1. Taking the residues in segment 131-166 that are in contact with a Gly (Cβ under 8 Å, 6 or more places away or on another chain) and of a type in the set (A, V, I, L, M, F, W, C) as candidates, determine which candidate is surrounded by the most Cβ atoms within 10 Å (Cβ to Cβ).
2. How many residues does segment 82-121 hold that are surrounded by fewer than 18 Cβ atoms within 10 Å (Cβ to Cβ), outside any loop (DSSP other than H, G, I, E, B) and charged (D, E, K, R)?
3. Residues in segment 167-208 that are assigned to a loop (DSSP other than H, G, I, E, B), among the polar types (S, T, N, Q) and open to solvent by 70 Å² or more (accessible area, probe 1.4 Å): how many?
4. Which residues, taken from segment 128-154, are polar (S, T, N, Q) and within 14 Å of residue 105 (Cβ to Cβ)?
5. Condition (residue is under 24 Å from residue 95 (Cα atoms) and in a loop (DSSP other than H, G, I, E, B)) applied to segment 153-166: is it met by at least one residue?
Amino acid sequence: MKIAAAMLTTSLAAVFFCAGCLQTESQTKIENLQKELDLSKAREKELTTQVEKLTADTDRQKEQIETLQNLGPDRLKKLFVVDQVQLGRYTGGIDTDKKPGQDAVKVFVMPVDQAGSVIKSAGEVKIQLFDLAEPESERLIAEFDYPVDKIGEHWSSGFMAYHYSFECPLPNRPKNPDITVRVEFIDYLTGKTFTAQKLIKLILPPAP
């Protein structure tokens with residue numbers, strides 16, 4: 001009897017132990033499922049926010065498109081946009097190294113609208129310096145490119161001064177003092193390309 005009672009007690013203890021283990025395991029599974037549910041809800045909320053933002057952006061774009069359509073295809077004609085590009089009167093040679101002769105060219109670029117006023121228009125600028133007295137393959141002396149995100153640094157405005165100004169160093173001493181300055185301006189609003197050129201006379205450094 002004692003042996004039977006001991007075996008029964010052991011069996012009951014084992015059953016309670018297993019039941020406790022199962023309960024702990026079930027509790028862990030429930031907690032994990034709850035975490036996954038919370039994570040899913042957070043993701044759903046984030047996706048809902050993104051969808052609402054995209055919907056709002058789409059609605060704004062539709063309104064902008066409708067507004068532009070109502071303005072008509074000739075709306076650019078009613079805006080003040082670049083109609084031509086001019087080179088300033090003071091475009092010419094400069095001395096930057098304090099030595100005899102001019103070693104650079106200062107170029108003043110003025111975007112002008114259809115009313116004849118200089119405007120600060122965003123765009124890309126290319127400046128080329130030519131010696132047209134040389135053979136065709138040797139005429140280009142130097143070339144300078146200024147991207148749209150940099151030309152703002154070259155803008156000047158004030159009393160009787162509205163222009164972009166660029167300092168273009170000469171890589172070598174030109175053979176002739178007569179230099180042709182050519183400017184190409186690509187207007188970012190209209191996408192049009194405008195050109196202008198001017199003949200200048202340099203004071204050359206002494207020949208080596």
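The values are calculated or read from the model by the stated rules, or taken from the named source; none is laboratory data. Bear in mind the structure is a predicted one, so any value in this text is a computation, not a measurement. Neighbour counts are summed over all protein chains in view; Cβ atoms, including those assigned to glycine, are modelled from backbone coordinates with ideal geometry. Accessible surface areas use protein heavy atoms only, side chains included; no ligands, DNA or RNA. Shrake-Rupley method; radii C 1.70, N 1.55, O 1.52, S 1.80 Å.
1. Among residues in segment 131-166 that are in contact with a Gly (Cβ under 8 Å, 6 or more places away or on another chain) and of a type in the set (A, V, I, L, M, F, W, C), the one surrounded by the most Cβ atoms within 10 Å (Cβ to Cβ) is 151.
2. Residues flagged as surrounded by fewer than 18 Cβ atoms within 10 Å (Cβ to Cβ), outside any loop (DSSP other than H, G, I, E, B) and charged (D, E, K, R) within segment 82-121 amount to 2.
3. Adding up the residues that qualify gives 1.
4. The first filter runs over segment 128-154 and keeps only residues polar (S, T, N, Q), leaving 128, 137.
128 - this is the single residue of segment 128-154 that is polar (S, T, N, Q) and within 14 Å of residue 105 (Cβ to Cβ).
5. yes
Conditions tested, residue by residue: (1) among the aromatic types (Phe, Trp, Tyr); (2) under 30 Å from residue 190 (Cβ atoms); (3) open to solvent by 100 Å² or more (accessible area, probe 1.4 Å); (4) at pLDDT 80 or above.
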| position | (1), (2), (3), (4) |
| --- | --- |
| 13 | no, no, no, no |
| 18 | no, no, no, no |
| 25 | no, no, no, no |
| 36 | no, no, yes, yes |
| 41 | no, no, yes, yes |
| 50 | no, no, no, yes |
| 68 | no, yes, no, no |
| 77 | no, yes, yes, no |
